[in-house]
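Encoded as structure tokens, the structure appears first; notes follow it.
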Amino acid sequence: MSTLRARELIINIPGRADGFALNINVEPGQIWGVLGPNGAGKTTLLHTLAGLHPARSGQVVLNDSPLKELKRRDIARHLGLVFQERQDTFPATVMETALIGRHPWLSPWESEQGEDQALAEQALTALDVDGLSERLLNTLSGGERQRVAIATLMTQNPDIWLLDEPTNHLDLHHQVKVMNLLRNQAESGKAVFMCLHDLNMAARWCSHVLLLYTNGDACWGATGSMLVPEALERLYNQRLIALEKDGLSVFVPAQ
């Protein structure tokens, strides 16, 4: 299994001074939640870790190699990303979209085989979109398309899952289903690193949390040590009420 590391990493946000350098190890079995207000740099960080956005300084290391020295195909065999927003330029069915996840594992002129098809079918079933396999992607609802995107990542089967707001557009049932799926992936030895807006999802499902502030400050650690009212109220500039239910912390905004 793979490890992703940020080494003295400062993300590049135009117009903002250098922030706190990140030194983070994303290890197999961990589930990281990145929390912060709009404009804090959560998506920029995710794209930087995926090698899609240049860092201002520092580096990202995949296993023992700097990410920028690796070929995209090799990166994609270890690391996958679900974007917050997607543009579906070409018409494709749900099954064709899921099979895109197998491309890093195929030679340039090789077509998908039975095993690839089986992996895609299993992923679509796990996300409750198997009944939509012949539908064109652009005919689906936002929540259905989100689940197809996660199924595509599951078909890709990387060691490290990067996700930007994975429960975006999802109803409550599918939010829980997706988060449980991510927990199962971590329990199987994968690493999950995702941006979230929901404090309570982070409290319930994340093993580690990274707090990003709009001024570039950051702090990180085990979830229990990070999700405390004092830190969160500073993070969001909002008073919170912390409750305990069945051993879980629940946060609600105060007036």
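What the table shows:
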{"item": "Matching strands (runs of 3 or more DSSP E) fully within segment 164-255 where at least 2 residues are without any contact (Cβ under 8 Å) to a residue 40 or more places away in the chain", "result": "218-222, 240-245, 248-253"}
{"item": "Qualifying positions in segment 136-155 - assigned to a helix (DSSP H, G or I) and hydrophobic (A, V, I, L, M, F, W, C)", "result": "137, 148, 149, 150, 151, 153, 154"}
{"item": "Unique match (being closer than 13 Å to residue 36 by Cβ, among the polar types (S, T, N, Q) and in contact with a Gly (Cβ under 9 Å, 6 or more places away or on another chain)) among 223, 214", "result": "214"}
{"item": "Any hit, segment 144-153, residues being touching a residue at least 40 places away in the same chain (Cβ under 8 Å) and surrounded by fewer than 18 Cβ atoms within 10 Å (Cβ to Cβ)", "result": "no"}
{"item": "Flag for residue 178 being surrounded by 14 or more Cβ atoms within 10 Å (Cβ to Cβ), touching a Leu at 6+ places or on another chain (Cβ under 8 Å), closer than 16 Å to residue 42 by Cβ and modelled with pLDDT of 95 or more", "result": "no"}
{"item": "Filtered residue count, segment 153-201, keeping only those that are among the polar types (S, T, N, Q) and closer than 14 Å to residue 84 by Cα", "result": "2"}
{"item": "Search result, residues across segment 120-160 that are under 17 Å from residue 190 (Cα atoms) and of a type in the set (Ser, Thr, Tyr)", "result": "152, 155"}
{"item": "Selected residue (criterion: modelled with the lowest pLDDT) from residues of segment 93-132 that are more than 22 Å from residue 162 (Cα to Cα) and surrounded by 14 or more Cβ atoms within 10 Å (Cβ to Cβ)", "result": "112"}
{"item": "Criterion (farther than 19 Å from residue 174 by Cα and part of a loop (DSSP other than H, G, I, E, B)) met by exactly one of 104, 158", "result": "158"}
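A quick yes/no check of all residues on (1) over 29 Å from residue 18 (Cβ atoms); (2) among the charged types (D, E, K, R); (3) in contact with an Asp or Glu (Cβ under 9 Å, 6 or more places away or on another chain):
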| position | (1), (2), (3) |
| --- | --- |
| 156 | yes, no, no |
| 217 | no, yes, no |
| 220 | no, no, no |
| 248 | yes, no, no |
| 255 | yes, no, no |
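The values are calculated or read from the model by the stated rules, or taken from the named source; none is laboratory data. A quick note: this is a predicted structure, and the numbers were derived from the prediction, not measured. Please note: Cβ atoms are built from the backbone with ideal geometry, for glycine as well, and neighbour counts cover all protein chains shown.
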